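One structure below.
Read the figures in this text as sums done on the coordinates, not as results from a lab. It should be emphasised that the depicted structure is a prediction, and the values quoted were computed from it without experimental measurement. Cβ placement follows ideal geometry from the backbone for every residue including glycine, while neighbour counts extend to all protein chains displayed.
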Amino acid sequence: MNDRDSILGRVRAALAPLKVRAPLPDWEREIVIMREARGNVDAWTLFATRMKAVNGTPLDTAPALVALLEKENAFVGYCDPALWPKLKPSFPATFTVETTFDRTRVDHYAFGITRAAAGIAETGTLVLKDASTSSRLAALAPWIHVAVLARDTLFHDLPEAVDALGEDANVIWCTGPSKTADVEGILIEGVHGPGLQVALLLD
Amino acid sequence: MARQLIDQFAAQLPEDRRASVYGGSKVGHEKRTKVLFDHFPDADRLRELAGEIKQHVVENLDTYLPKIEASLIAAGVKVHWAATAEAANKAVLDIMRARGATRMVKSKTMVSEETHLADYLQQNGIDCLETDLGEFIVQIDGDHPSHIVKPIIHKNRREIAQSFERHGLGAYDDDPQTITRRARRFLRKKYLEADVALTGGNFLVAESGRLVLVTNEGNSRFCLAATKTHIAMVGIEKILPRDRDLALLLNLLARSATAQQLTVYTEFIKGPRSSTQPDGPEEMHVILVDNGRTDVLESDCREILRCIRCGACLNVCPIYRQASGHAYRSVYPGPVGAVLSPLLAGKKFPELADLPKASSLCGACNEVCPVNIPIPDLLLRLRNKGKEEGAKIASAGTPPMGGWAVLATQPMLWKTAMMGGKILDVLPEKFVPVPAFRAWTDQRTLPGWRGGVFRKWMRTRETKPRQPTVGP
């Protein structure tokens with residue numbers, strides 16, 4: 001007997017004595033909405049507040065992004081080729097920006113700019129999808145990741161975002177920068193992923 | 001009367017190790033409570049619901065398993081079944097050999113700890129590297145994780161800096177930031193050189209065939225951005241019925257595990273990478289692992305299969321805090337481990353039959369459990385099983401109760417004993433002429449004697465029944 005049949009056989013035998021099986025409860029999405037998300041603020045304001053609460057960096061203009069990159073001394077980076085024409089006018093000549101990501105030089109890029117498919121306001125979460133991310137590595141390996149976000153893609157809460165997972169092969173929710181507390185419970189940011197997670201609002 | 005093994009272990013635990021475990025678990029618990037109850041008006045209702053959903057899955061696995069298989073196949077995933085640890089390991093090796101692959105990067109998975117996958121692959125010539133910082137440190141130290149979520153809760157930064165120095169990762173420096181940066185630099189090369197990524201799975205959604213992974217460090221993301229083949233090893237009980245149930249379970253998982261609203265990265269994976277995506281696996285495999293779970297399903301403790309491995313019950317448990325995870329001699333420590341480990345052990349149950357005794361039955365584990373598992377009840381059922389099967393270590397540390405039974409079934413004798421008990425307040429315990437009593441008090445401090453107080457109080461009570469305070 002193969003493993004599939006033996007496992008299914010054992011499962012059926014184990015459950016056979018149960019006269020009644022536990023039913024699947026239905027539940028109202030209202031119960032998982034966070035208290036903070038119940039106020040009457042617009043989606044971007046709520047998103048920005050919640051993103052800051054997890055040490056993320058929400059920005060709402062391209063010049064603000066350039067200022068941040070200069071402050072971080074990040075002059076070499078990658079940008080999604082579809083986004084670059086829109087951003088290029090804001091970037092001075094001191095920057096070197098490539099539109100193909102070379103995996104043999106992952107540490108060459110100080111920042112990566114890719115598109116976010118959406119955001120979740122109540123948690124300050126960015127939603128990345130395979131279909132709209134020009135390179136998984138470019139959104140992950142550089143110290144700074146900039147996710148470009150459109151206002152009308154913001155979800156209010158988790159249940160809304162779950163409903164919109166869709167058919168994409170790889171959806172990633174990013175809530176703040178990569179972090180660990182493995183060493184003595186001390187919080188360190190930037191373990192394998194970005195140490196600085198930026199959301200750039202670009203309508 | 002022999003002491004319980006877990007007591008012996010705790011007694012020999014170095015003080016700095018106990019301090020690490022105690023501090024780490026206590027902080028984790030306190031933050032969790034605050035976050036969960038600050039964020040939601042009715043946090044307990046969420047736990048109950050999540051428990052009901054998972055119980056439904058457990059009791060309907062016969063329909064959910066074929067369902068998840070079909071959804072995964074529809075998403076382009078190759079599905080494998082493994083009845084035992086050996087079968088699971090062999091499935092991984094076979095996939096790697098078929099691809100001509102020799103290098104694996106591994107994200108944290110508890111089920112691969114169960115099967116000792118890393119050792120098995122190394123013995124078969126595969127280079128297998130843990131990428132979660134804690135698991136990486138455990139691996140280079142030849143150690144074992146001592147917590148489900150915080151694998152190196154038992155280690156301090158000095159030990160870690162020493163092992164980094166030993167393994168050529170840099171001169172001694174115990175700054176946690178330096179340690180983390182060094183691991184970052186070392187591991188990113190390894191991801192890019194690897195052929196295969198191995199992950200576990202926090203949830204598998206039956207209706208959509210989605211595999212859900214949560215991590216904070218981004219190591220599983222890197223594994224799945226850099227390699228061409230993805231293998232996920234997942235226990236057969238990890239299924240959720242619908243996508244919408246994720247909104248409930250994800251809200252509970254991170255808060256219970258690390259007091260975060262969400263883990264930093266929540267990945268929803270539905271097959272190999274999209275055709276337009278340059279990075280990531282071209283091939284995805286899911287191995288559905290039994291390895292003792294059907295035994296648990298057959299037992300009267302099947303509620304433990306609801307577990308989502310958050311570690312909240314470890315953090316709150318007074319025994320875990322004193323004894324540390326290694327005291328449980330198995331992959332799963334703490335209250336969940338005291339139930340799960342002996343059951344997963346199958347025929348070797350008698351070797352772990354003492355674990356259900358490692359509890360004061362205070363009930364804290366049940367109160368914090370995000371899927372509301374009645375752990376204390378399950379511990380009692382397993383104590384009974386240990387007793388019925390005559391497992392010797394199950395009775396270690398238990399005084400013979402014959403004398404007590406005589407006393408407690410004869411009212412006059414009991415009354416006299418209650419009054420005479422006062423003598424215990426003045427008589428040092430070591431002079432009590434009952435060896436079993438002395439052995440028991442050897443590890444415990446008795447409170448002052450209050451025998452007879454209840455009876456006195458009872459006599460002053462009125463005998464008429466209380467009026468009901470709430471009308472219909």
Legend entry - Positive-end residue of A:N73, A:G185, A:H108, charge dipole of chain A with Cβ unit charges: A:G185
Legend entry - chain B: Cys lacking any partner C-beta under 4.7 angstrom: B:C128, B:C223, B:C301, B:C307, B:C310, B:C317, B:C362, B:C369
Inset, instruction - Would you please name the GluC sites (Glu not before Pro) within the range A:18-52 that are DSSP coil residues with at most 15 other C-beta atoms within 10 Å of their C-beta? - result: A:E28
Inset, instruction - On each of the three principal axes of the Cα atoms of the range A:104-152, give max minus min coordinate, whole Å, ordered largest first. - result: 36, 20, 13
Legend entry - Test item: Cα-centred dipole of the protein assembly as shown, Lys/Arg +1 and Asp/Glu -1 on Cβ, debye: 2180
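Give me the compactness ratio for the range A:1-84, meaning the Cα radius of gyration over 2.2 N^0.38 Å.
Values: Rg = 26.0 Å, N = 84, 2.2 N^0.38 = 11.8 Å.
This ratio for the range A:1-84 stands at 2.19.
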Inset, instruction - State, to one decimal in nm², a quarter of the convex hull surface area for the C-alpha atoms of the range A:32-138, i.e. the direction-averaged projected area. - result: 8.0
Legend entry - Percentage, to the nearest whole number, of Cα pairs in the range B:216-286 over 15 Å apart: 64
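Out of the GluC sites (Glu not before Pro) in the range A:138-203, which ones are loop residues according to DSSP with at most 13 other C-beta atoms within 10 Å? Intermediate results must be reported in sequence, preceding the final value.
Values: sites: A:E160, A:E167, A:E184, A:E189; in loops: A:E167, A:E184.
Passing both the DSSP loop test and the Cβ count: A:E167.
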Inset, instruction - Enter the per residue convex hull volume of the range B:1-134, computed from alpha-carbon coordinates, in Å³ rounded to the nearest integer. - result: 246
Inset, instruction - Could you name the lysines whose alpha carbon sits less than 16 Å from that of B:K190, not counting residues in the same chain fewer than 8 places away? - result: B:K106, B:K108, B:K228
Legend entry - Convex hull volume of the range B:413-459 per residue (C-alpha atoms, cubic angstrom): 87
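First obtain the Kirkwood hydrodynamic radius of the range B:239-388 from its Cα pairs, then insert it into the Stokes-Einstein equation at 20 °C and 1.002 mPa s, and state the resulting D in µm² per second as a whole number.
125
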Inset, instruction - Could you tell me which GluC sites (Glu not before Pro) in the range A:43-109 are loop residues by DSSP with no more than 16 other beta carbons within 10 angstrom of their beta carbon? - result: A:E72
Inset, instruction - Under a cut-off of 21 Å between alpha-carbon atoms, report the lysines in cross-link reach of B:K392, not counting same-chain residues fewer than 8 places apart. - result: B:K347, B:K348, B:K357
Legend entry - When the range B:354-434 is reduced to its Cα atoms, the Kirkwood hydrodynamic radius in Å: 15.8
Inset, instruction - Run through all the Cα pairs of the range A:160-203 and give the fraction in each 10 Å bin from 0, expressed as whole percent. - result: 22, 34, 33, 11, 0
Inset, instruction - Determine the dipole magnitude for the range A:122-192: charges of +1 sit on the beta-carbon of Lys and Arg, -1 on that of Asp and Glu, nothing else is charged, the reference point is the Cα centre, and the result goes in debye to the nearest 20. - result: 320
Legend entry - Cα centre as origin, Lys/Arg/Asp/Glu Cβ charges: chain B dipole, Debye: 1420
Inset, instruction - Mind putting together the pair-distance distribution for the range A:95-203? All Cα pairs, 10 Å bins, whole percent per bin, short to long. - result: 14, 43, 32, 10, 0
Legend entry - Projected-area average for chain B over all orientations - Cα convex hull basis, square nanometres: 28.5
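Note the direction-averaged projected area, equal to a quarter of the hull surface, for the Cα convex hull of the range B:109-264, in nm². Numbers along the way, then the final one.
Details: hull surface 39.5 nm².
Projected over every direction and averaged, the Cα hull of the range B:109-264 covers 9.9 nm².
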Legend entry - Acute angle (nearest 10 degrees) that the helix B:245-258 long axis makes with the longest principal axis of chain B, alpha-carbon atoms: 70
Legend entry - Debye log10 I(q)/I(0) at q = 0.10, 0.18, 0.20 Å⁻¹ for the range B:301-455, Cα point scatterers: -0.47, -1.08, -1.18
Inset, instruction - For peptide A:91-103, compute the average count of partner chain beta-carbon atoms within 10 Å of each residue's beta-carbon. - result: 1
Inset, instruction - Any chance you could give the angle, 0 to 90 degrees and rounded to 10, that helix B:411-420 forms with the longest Cα principal axis of chain B? - result: 90
Inset, instruction - Round to the nearest 10 and give me the degree value, 0 to 90, for the angle of helix A:43-53's Cα axis relative to the longest principal axis of chain A. - result: 90
Legend entry - Computed E for B:L380/A:D163 - FRET, C-beta separation, R0 45 angstrom, nearest 0.05: 0.60
Legend entry - Segment B:R438-B:A70, length gained on full extension (0.36 nm per residue, minus Cα span): 126.4 nm
Inset, instruction - Multiply the residue gap between B:E282 and B:V27 by 0.36 nm, knock off their C-alpha separation, and tell me the result in nm, one decimal place. - result: 87.6 nm
Legend entry - Debye intensity ratio in log₁₀ form over the Cα atoms of the protein assembly as shown, taken at each q of 0.09 Å⁻¹: -0.80
Legend entry - Descending principal axes extents, chain A, alpha-carbon based, whole Å: 74, 49, 40
Legend entry - Computed [θ] at 222 nm, helices only, for chain A once each DSSP H run of length n ≥ 4 contributes -39500 (n - 2.57): -6000 deg cm²/dmol
Legend entry - Mean Cβ count within 10 Å, highest first, over the residues of peptides A:144-150, B:185-191, B:214-220: B:214-220, A:144-150, B:185-191
Legend entry - Sum of -39500 (n - 2.57) over DSSP H runs of 4+, divided by residues of chain B (222 nm, nearest 500): -14500 deg cm²/dmol
Inset, instruction - Above 23 angstrom, tally the Cα pairs of the range B:130-214 and express them as a % of all pairs, no decimals. - result: 33
Legend entry - Inter-site label distance for B:E462 and A:R105 at 7 Å from Cα along Cβ, in nm: 9.0
